[in-house]
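Working notes, structure below.
The values are calculated or read from the model by the stated rules, or taken from the named source; none is laboratory data. For clarity, every value in this text was computed on a predicted model and none was experimentally measured. Here the Cβ is made from the backbone with ideal geometry for all residues, glycine too, and neighbour counts use every protein chain on show. Accessible surface areas use protein heavy atoms only, side chains included; no ligands, DNA or RNA. Shrake-Rupley method; radii C 1.70, N 1.55, O 1.52, S 1.80 Å.
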Amino acid sequence: MKNHVKALVVGGGAVGTSIAYHLARAGWDTMLLERDELTSGSTWHAAGLLPYFNMSFATTHIHDYSIRFYKTLEAETGLNPGFSVVGNLRMAQSQARMDEYRLYASTAETCGVPYEWLTPAQMKERWPLMRTEDLVGAIFHPTDGYITPADVTQAMAKGARQFGATIERKWQVDGYQWTGSEWRVTLTKMAEKGGNLVPTEEQTVITAEHVVTATGNHAQRTARLLGLKIPAIPVEHQYIVTEPDPALVEWRKAGNPEHPVLRDADAKWYVREERGGWILGPYERNAPARFAYGCPDSFRADLFPLDLDRIEEEYMSMIHRLPSSETVGLKDDYNGPICYTPDGNPLLGPAPGLRNMWLAEGFSFGITAAGGSGYYLAQLMTEGEAEIDMGALDPRRYGSWMTTDYAVAKNEEAYEHVYILHHPDEERPAARPLRTAPCYDRMKALGAQFGQVNGWERPNYFAPEGFDDHAARSFRRGGWWEYTLAEARAIRETAGLIDATAFAKHVVRGPGATAFLDWFTCNKLPKVGRVNLTYALTCAGTVRTEYTIVRQAEDVYYLVSAGGWHAYDEDFLLKAVEDKAAEFGPVIVEDVTTRHGVFALAGPNARAILAGLIRDADPATALSNKRFPWLSARQIELGMVPVNALRVAYTGELGWELHHPIEMQNHLFDRLMEAGAAHGLKPVGARAQNWLRQEKSYRAFGTELGRDATPLEAGLDRFVDLSKEFHGKAAMEAKGIRSKCVTLLIDGPEDADPWGREALYDGETRVGRLTSGGYSVAFGKSIGMGYVRPDLAVPGTRLSVRMFDALWTAEVVGDSPHDPSNARIRADG
Ligand SMILES: Cc1cc2nc3c(=O)[nH]c(=O)nc-3n(C[C@H](O)[C@H](O)[C@H](O)COP(=O)(O)OP(=O)(O)OC[C@H]3O[C@@H](n4cnc5c(N)ncnc54)[C@H](O)[C@@H]3O)c2cc1C
């Protein structure tokens, strides 16, 4: 066995094997290690379905790559991966479900995924064994289907070997040690003994420049070996196989094609044909998490006992949909661990705090995702960045606050939610409330309807007592819409108070701080007392992090970034500081996120409200443009609270962000609400803020801003100082302008606004996609932001947006259609 490789992949399931294949194909000297046999983890009992359906842009790309890649494997390796391209029929029992499919279809279009619409009559005509009279319609993907998981893994393994990878079985990784330049990985030889897999005395050490862990149900053991928290914990998933169904056998004998994979989402199951019978796979309620503290070493290709009671409802509904299955007996059953994460997405990317360590854990649709995950992870590792923004899958999206109990509750919920209606305004209930700002109870008493961001409770909007947020959800304008409208108007007309405590906050200081940040971010650093918006870029020149940066002293900077991305941003910052310490001198980074609460006060009356609270030798001028200009920061006192006030407003009105000691938050909240009463101050949630910022064309991180666009493509030229050198600059310039961020005013349907996932058209040609959407109170119509072909990014260009399977007129407008001169933000007083 080799004792040094460039890349060591641990785990020979579908995921690890695909990663080894793609790393080897990229020319890296790669070894794959498996403690048992290839496919002896979850991969062996997967049903092999390859569903395209996914609400996320990145994941749809991953699934799309897999499906296309698996079709090429036989020609490349001579091994048939058993791909049955039977298509995939996703049925709808309600109009709301059809709305969900229409929204999904728009996302699918942005990724070039083909689909068709079918009526109940068309379904019945094509597949007469199905009962369709209670269906509203269906979406059909003709190009996907199912595959044989073991065969596709073996084909990828052969392909990996053809590209020079080595595959070693019966070696278990038992230790990882970073030497500063490579990983020393300790392996134990495993042996069969009496039907068990046991460790032998034989050990060896391999050194590897990079390690990828793809250990499936063993993720908790991997987490312990690496000293990490990894919220990948399996949940039980079962499917049953019936005896042959005579009606189906007869139908196929008559020369009819195989049924597509059937999905009755409202009934929570998938069904496909299997040797004349049916496979039923339900996503039922109350499936328990397993192995929360680690999968036993003795667990191999084992299964749990079938729990038929738990899936009775879904079983009955299969019989309803396929009446001929009623008299058919059960032939086989599988109840295996299926790995989940709190949001259902895998953890794919760099491990937090570690160098050259990559995680590929927590795959619940691992057969579908393996191909694309291997492809994009290999790009990330070999080229530094992938073609798509992998942020939504990044393992660093969970912070140190995450615990086993949290992961268990959320993973069980993610499983149960596979087939629920995926409302874009959905908020899931498990493990809440967990991270709360001190004013949580006060906001709740005012009617706050909370959303969860990185574990934090954050008001989405405020509604009257007894309002049911769950019932208010919709693919169109939900019941919350009118409250959000009132909040948006309050900010434009009087004043609003937004809790922004969840912001990530770091202090960067020390003799090397200025030189470091000047290299790390693309804008000019602010002068002492001033605030700038700036961006840290990836090595590919795309946007990695957005910072509001305050220079508090010559070498002291306060950095504010998106609350949802705290650990993700922090890891990037800390690693960059460590890399550059020798060049720039000592830099200290302090995470002060949970030390400071933040209120954003905005609206034409914001100054008058603060004027009633500020303590100053000359209170009449303390908040004037002269003493407190736009984009400056001051330490002020509001009553008894010392406040680090930033004159910025993400809503595009006169306003301040009030960063305060978190233990004084309730005192400050009460004083602001009292002082605001006479000035029309309203508590305002994140949804109104999201609408308002689009009227100002303020890009948001995670939508307009991410690792697939440069700041120049995002239209942020004024925040990029091309006269200096900064990280990612050359790559940014080399990329040119592939597409351009625009704001659009949309004449959409009367009862709906876009969500930011819709495809954009120029005539019949798809020319881009929306990344944000909402309603504009200033213009009285829908608004959106998105990316289009550069030649179309000209104000006045008329395009259309696909919403609910129809095209609606959209006009590209100049940046900041509301108050383009910023007169309202700069208002003096
Ligand atoms: C009943 C059921 C049905 C399913 N159906 C589908 C489906 O239709 N479509 C779909 O896409 N997904 C399906 N899944 C999910 C799918 O099985 C998994 O997502 C996928 O197999 C995960 O692959 P993996 O490579 O991440 O993990 P695994 O296949 O579990 O592989 C991990 C490997 O790592 C090895 N390993 C662990 N620790 C070490 C170590 N320290 N040293 C060396 N080796 C180690 C293990 O032995 C194992 O072989 C299903 C799951 C279940 C339970």
If you rank 476, 699 by how much accessible surface each has, with a 1.4 Å probe, what is the order from largest down?
-> 476, 699
Extension gain residue 94-residue 421, at 0.36 nm per residue separation less the Cα-Cα distance, in nm?
-> 116.7 nm
Arrange the residues 741, 539 by how much accessible surface each exposes, largest first, with a 1.4 angstrom probe.
-> 539, 741
Assuming 1.567 mPa s and 4 °C, estimate D for the chain with Stokes-Einstein, Rh taken as the Kirkwood radius over Cα pairs, in µm²/s.
-> 46
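Can you figure out the FRET efficiency of residue 465 with residue 434, using R₀ = 30 Å and their beta-carbon distance, to the nearest 0.05?
Numbers: r = 24 Å, r/R0 = 0.79.
Approximately 0.80, to the nearest 0.05.
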Sequence-distant residues sharing a close amide H with residue 523 (under 5 Å, placed H) = 535, 721
Please report, in debye to the nearest 20, how large the charge dipole of the stretch 1-124 is about its Cα centre when each Lys and Arg carries +1 at its beta carbon and each Asp and Glu carries -1 there.
-> 80
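What is the calculated FRET efficiency for residue 331 to residue 400, with r their C-beta to C-beta distance and R₀ = 56 Å, to the nearest 0.05? Display every interim value, and only then the final one.
On the way: r = 47 Å, r/R0 = 0.85.
So the FRET efficiency works out to roughly 0.75.
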Taking a probe of 1.4 angstrom, what is the accessible area of residue 809 in Å², to the nearest 10?
-> 60
Rounded to whole angstrom, the alpha-carbon centroid of the stretch 403-481 lies from that of the stretch 376-390 at a distance of 33
Rounded to the nearest Å, what's the spacing between the alpha carbon centres of the stretch 54-84 and the stretch 683-749? Just the number, please.
-> 32
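For 37, 109, 583, 168, write out the residues from largest to smallest accessible area, computed with a 1.4 angstrom probe and no ligands counted. Display every interim value, and only then the final one.
Working: 37 70, 109 25, 583 115, 168 45 Å².
Largest accessible area first, the residues go 583, 37, 168, 109.
Roughly how many debye, to the nearest 20, is the charge dipole of the chain about its Cα centre, given +1 on each Lys and Arg Cβ, -1 on each Asp and Glu Cβ, and no other charges?
Numbers: 87 positive and 107 negative charges, 386 e Å.
I would put it at about 1860 debye.
Would you compute, from DSSP H runs of 4+ residues alone, the mean residue ellipticity of the chain at 222 nm, taking -39500 (n - 2.57) per run and dividing by the full residue count, rounded to the nearest 500?
Helices in the chain give a 222 nm mean residue ellipticity of -7500 deg cm²/dmol.
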Does anyone have the angle between helix 366-383 and the longest principal axis of the chain? Alpha-carbon axes, 0 to 90°, nearest 10?
-> 50
How much accessible area does residue 129 have with a 1.4 Å probe, in Å² rounded to the nearest 10?
-> 30
Find how much the distance from residue 781 to residue 822 grows on full extension, using 0.36 nm per residue of separation minus their present alpha carbon separation; answer in nm with one decimal.
-> 12.6 nm
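Work out, step by step, the length gained on full extension between residue 528 and residue 252: first 0.36 nm times the residue separation, then minus their alpha carbon distance; give nm to one decimal. Please list the in-between numbers first.
Values: separation 276, 0.36 × 276 = 99.36 nm, distance 7.70 nm.
Net length gain for the segment: 91.7 nm.
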With the dipole of the chain worked out from charges on the C-beta (+1 for Lys and Arg, -1 for Asp and Glu) around the Cα centre, which of 145, 714, 582 lies farthest toward the positive end?
-> 582
Charge dipole of the chain built from unit charges on the beta carbon (Lys, Arg +1; Asp, Glu -1), centred at mean Cα; most positive-end Cα among 775, 60, 217 is 775
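Carbon-plus-sulfur fraction of the accessible area of the stretch 592-685, 1.4 Å probe, in percent?
58
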FRET efficiency for residue 624 and residue 738, Cβ-Cβ distance as r, R0 = 41 Å, nearest 0.05?
-> 0.40
How large is ³J(HN,Hα) for each residue in the stretch 509-515, as worked out from phi by the Karplus curve 6.51 cos²θ - 1.76 cosθ + 1.60 (θ = phi - 60°), to whole Hz, x for Gly and Pro?
-> 9, x, x, x, 4, 5, 5
Would you give the gap between the C-alpha center of the stretch 771-829 and the C-alpha center of the stretch 561-611, rounded to a whole Å?
-> 29
Put +1 on the Cβ of every Lys and Arg and -1 on every Asp and Glu Cβ in the stretch 598-657; which of 605, 630, 641 then has its Cα farthest towards the positive end of the dipole?
-> 630
Reported to the nearest 10 Å², residue 45 has, with a 1.4 Å probe, an accessible area equal to 20
